[in-house]
1. With r defined as the distance between the Cβ atoms of residue 67 and residue 1 and R0 fixed at 35 Å, what FRET efficiency is calculated, to the nearest 0.05?
2. So if each residue of separation counts as 0.36 nm, and I subtract the Cα-Cα distance between residue 22 and residue 75, what length gain in nm does that give?
3. In nm, to one decimal, how far is the modelled label at residue 12 from the one at residue 58, with both set 7 Å along Cα→Cβ?
4. Using a Gaussian network model on the chain with a 10 Å cutoff between Cα atoms, which of 59, 51, 43 fluctuates the most?
5. From the phi angles alone, apply the Karplus equation (6.51, -1.76, 1.60; θ = phi - 60°) to the stretch 69-78 and give each ³J(HN,Hα) in whole Hz, x where the residue is Gly or Pro.
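Derivation of every value follows stated rules applied to the coordinates shown; laboratory data play no part. No experiment lies behind these values; they were computed from the predicted model shown. No Cβ is skipped: glycine too gets one built from the backbone with ideal geometry, and neighbour counts run over all protein chains shown.
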Amino acid sequence: TLPRTSREQADQSREITKDQLKEGDLVFFSQGRSISHVGMYISNNKFVHASTSMGVVISDLDEPYWKRRFVRAGRINP
């Protein structure tokens, strides 16, 4: 069971480095002090996430907006 909030999801995931990312891993972002957004890594530096203004979108981890806000990556163990 995956918790509802991005902070709780980060707490339950095992931290990994960007170069260890595999499809299905989680990527966490903040707009301040606390993790406030999460996406799922899909491959080739891309992740899928929900945007309040655009719906479900695919973004690149190297886009300046996301690069500045990246906190960490995590893996949920079954």
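1. On the way: r = 31 Å, r/R0 = 0.88.
For residue 67 and residue 1, the calculated efficiency is 0.70.
2. Values: separation 53, 0.36 × 53 = 19.08 nm, distance 0.88 nm.
Taking residue 22 through residue 75 to full extension adds about 18.2 nm, to one decimal.
3. Using points 7 Å along Cα→Cβ, the separation is 2.7 nm.
4. Comparing 59, 51, 43 in a Gaussian network model of the chain, the most mobile one is 51.
5. Those phi angles translate into 9, 4, 9, 5, 10, x, 10, 8, 8, x Hz.
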